[in-house]
1. Of 155, 137, 70, which is the most mobile in a GNM of the chain whose springs link Cα atoms less than 10 angstrom apart?
2. Give the order of 161, 37 when sorted by the count of other beta carbons within 10 angstrom, beginning with the fewest.
3. Tell me the angle of helix 149-166 to the major Cα principal axis of the chain, expressed in degrees between 0 and 90 and rounded to the nearest ten.
4. Which whole-number percent is the relative contact order of region 1-110 (Cα, under 8 Å, 6+ apart)?
5. Just rank 101, 42, fewest to most, by other beta-carbon atoms within 10 angstrom.
6. How many angstrom separate the Cα center of region 1-43 from the Cα center of region 113-166?
7. Kindly state, to the nearest 0.05, the FRET efficiency for residue 152 paired with residue 110, given R0 = 25 Å and r defined as their beta-carbon distance.
8. Sort 121, 52, 128 so that the residue with the fewest other Cβ atoms within 10 Å of its own Cβ comes first and the one with the most comes last.
């Protein structure tokens, strides 16, 4: 998950270099944003489930995609959201078809791990010849972790969203409250 924070930090840096305003971070608004914490909380909880309860962990991960997709659906018109949604759907699909996220041992080794001692948690499985949609599995080595194509699209979508939000013009009304045009100039004449 560290790689996702790196992507967001790079998005902020790129936006600032292109004239974005750091003050806009406080103004970032997405409908149903709190659902992100529900989905990520469910995925975090799945990490603490023992491997003998694999089915519970996999179902918890699969169910966690419902609130994440709800955020995407609620904000589909915002830049980057549909890209993030495709990434989420790709991860959901490969996990559902394989009863866990397949991980390529060679990619794990390239990421700095020992494939002989690869400890998979309850929501990950080894990528083998029986795995379905292997191109959607965790096959991309990163320093310290292995990610999937869905993770890449999720990161790109979130990066586009953050970069766009930092380029928004100064908002006169917080929380997107709409004013009526000319309402400040209207007066009742006696």
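Any read-out appearing in this document is the output of simple, stated calculations on the displayed coordinates, not a laboratory observation. Because the structure is a prediction, the values reported are computed rather than measured. Neighbour counts run over all protein chains shown; Cβ positions are idealised from the backbone, glycine included.
1. 70
2. 37, 161
3. Between helix and principal axis, roughly 20 degrees.
4. Over region 1-110, the number comes to 21 percent.
5. Taking fewest neighbouring Cβ atoms as first place, the list is 42, 101.
6. Spelled out, the Cα-based centre of one part sits 19 Å from the other.
7. That pair, residue 152 with residue 110, gives E of 0.95.
8. In increasing order of surrounding Cβ atoms, one gets 52, 128, 121.
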